[in-house]
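Rule-based calculations on the coordinates, nothing more; no lab input. Note that the coordinates shown come from a computational prediction; the quantities given were computed from them, not determined experimentally. Quick reminder, even Gly has a Cβ in these numbers, built from the backbone with ideal geometry, and neighbours come from all protein chains shown.
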Amino acid sequence: MEKVYEEKVLEVEPFGIEPIPKQERHGRARQLFTLWFASNLNVVTWFTGFLGIEFGLSLKYAVLAIIIGNLLGGVLLALASAVGPQLGRPLIPGSRRAFGKVGVVGLSFLNLVNNIGWLAVNLVLAVMAFRKIVPSLGYHPALLILTVATMLIAVYGYNFIHTFAHWMSIVIGALFLAMTVISVSNLPHLLSGAESAAGGVDWGMFILAVAVAFSYQISYCPIGSDYSRYLPESTPRVKAWLATYLGCVTVCIWLEILGALTATLGMHAGPMDFFARLMGVFTVPALIAVILSIMPINAMAVYSGGLAALAMGIPMKRWVAALVTAGIGALLISFGGGHLAETYKNFLLLLSYWIAPWLGVVLCDIFFNRQPEAERNGSGWPGIVSFICGVVISIPFMSSVLYTGPIARNYLGGADISYFLSMTVTALLYLIIIKAKNAVKKETLTARAPVGAAGME
């Protein structure tokens with residue numbers, strides 16, 4: 001078969017959610033480092049670091065929560081990315097054996113909502129930064145300009161996104177490094193303030209801070225293989241895992257700790273007003289860095305949202321699906337507003353309520369279900385039942401603005417451990433069902449075997 005895409009950057013990607021042909025496979029595992037480094041090298045990651053301080057934690061415990069949450073969550077994101085070369089397609093459509101056709105459609109819808117939500121959160125911050133630079137620019141013109149720029153990157157697709165992320169990891173990395181130096185130099189009282197903080201720690205809020213950092217990482221898991229599916233099938237999983245893990249964890253820990261440091265100043269204004277006050281005479285270059293840094297993750301949200309729409313069975317071209325995703329995201333925030341910190345915290349936690357149990361099933365199916373079961377066969381009831389049970393069991397442990405379970409409220413001090421519970425329960429239940437199903441299948445085949453054949457065995 002003739003090669004039509006290969007490593008061409010300025011050509012619209014012709015493939016969607018179908019398995020990538022072997023002759024089109026290209027790239028190396030190391031490019032996953034720059035992709036995930038650049039995608040998290042933005043003000044959204046920095047802002048995530050604020051939340052531990054917002055919860056009332058001291059700087060020491062806020063930093064500890066950031067480190068723990070990212071180290072744990074990064075393991076799962078790296079696993080979702082590492083299976084891409086062998087799978088050759090997006091992870092949710094590739095989990096059809098576990099969830100069946102109906103299950104994939106439902107999960108793809110949730111993934112579409114996930115990506116539109118990320119796009120909306122990112123666009124809000126980018127628009128704020130843009131209008132800080134150009135105060136005369138209206139909200140909607142700024143939103144339109146940034147949305148169109150995001151669309152152009154996503155329309156070209158996989159190769160363009162990887163190339164763009166590579167260069168942004170260098171440019172934005174240098175800018176954020178300068179911002180780190182400037183920020184720390186503007187916080188001379190930090191160490192003395194941290195040392196003078198007395199008393200214990202609210203473990204409920206500490207666990208909640210870990211939950212936020214963990215949720216930030218696993219929220220990318222449904223799109224993990226979107227950006228590794230073109231790699232050659234022979235790519236070692238260990239190399240893909242390590243490149244992804246180092247890329248996402250190092251930058252998140254760095255910027256979130258920086259966010260926690262700067263949050264100790266207090267934030268009585270909007271995030272961009274606070275940012276401008278912090279950066280002083282370097283405000284304009286820093287705001288430009290903010291806008292540029294948000295472009296890679298916005299492009300990924302639009303691109304993966306388009307793939308999710310295709311996985312739902314919506315008949316359209318990949319690039320058209322990307323445009324529709326960007327349009328919906330921009331429309332949702334066209335009226336702006338909201339309490340950003342609280343909304344963002346609950347958005348991250350709500351994402352984990354379906355992603356965690358889904359991960360429990362899909363990773364167990366990939367790594368532990370060795371049966372040569374055809375992908376298109378079966379209704380996917382083991383995965384669906386396990387998923388639903390995991391979510392239901394975790395409900396009493398949930399803690400969000402929409403609902404707080406009795407166990408989280410009365411015994412955990414507001415901490416949210418539902419994602420850990422749902423993932424564990426779902427994985428164990430799925431493995432039990434699959435083991436029982438395979439045992440029944442084996443007994444049935446043995447019973448149907450001819451007597452002579454059974455005797456020969």
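Pairs with C-alpha atoms separated by more than 31 Å, drawn from the list Lys22/Lys435; Lys101/Lys442; Lys22/Lys239, are Lys22/Lys435. On the principal axes of its alpha-carbon atoms, the range 1-95 has extents of 60, 29, 21 Å, going from largest to smallest. For the range 378-440, the spread of Cα coordinates along the three principal axes comes to 44, 18, 13 Å, biggest extent given first. Looking at the range 1-62, the GluC sites (Glu not before Pro) that sit in a DSSP loop and have at most 16 other Cβ atoms within 10 Å of their own Cβ are Glu2, Glu6, Glu7, Glu11.
Based on the convex hull around the alpha carbon atoms, the range 25-448 presents an average projected area of 21.2 nm².
Exposure proxy ranking for Ile145, Ile355, based on other Cβ atoms within 10 angstrom of each Cβ and starting from the fewest, stands as Ile145, Ile355. Of interest is the spacing of the C-alpha centroids, which for the range 1-78 and the range 84-118 amounts to 17 Å.
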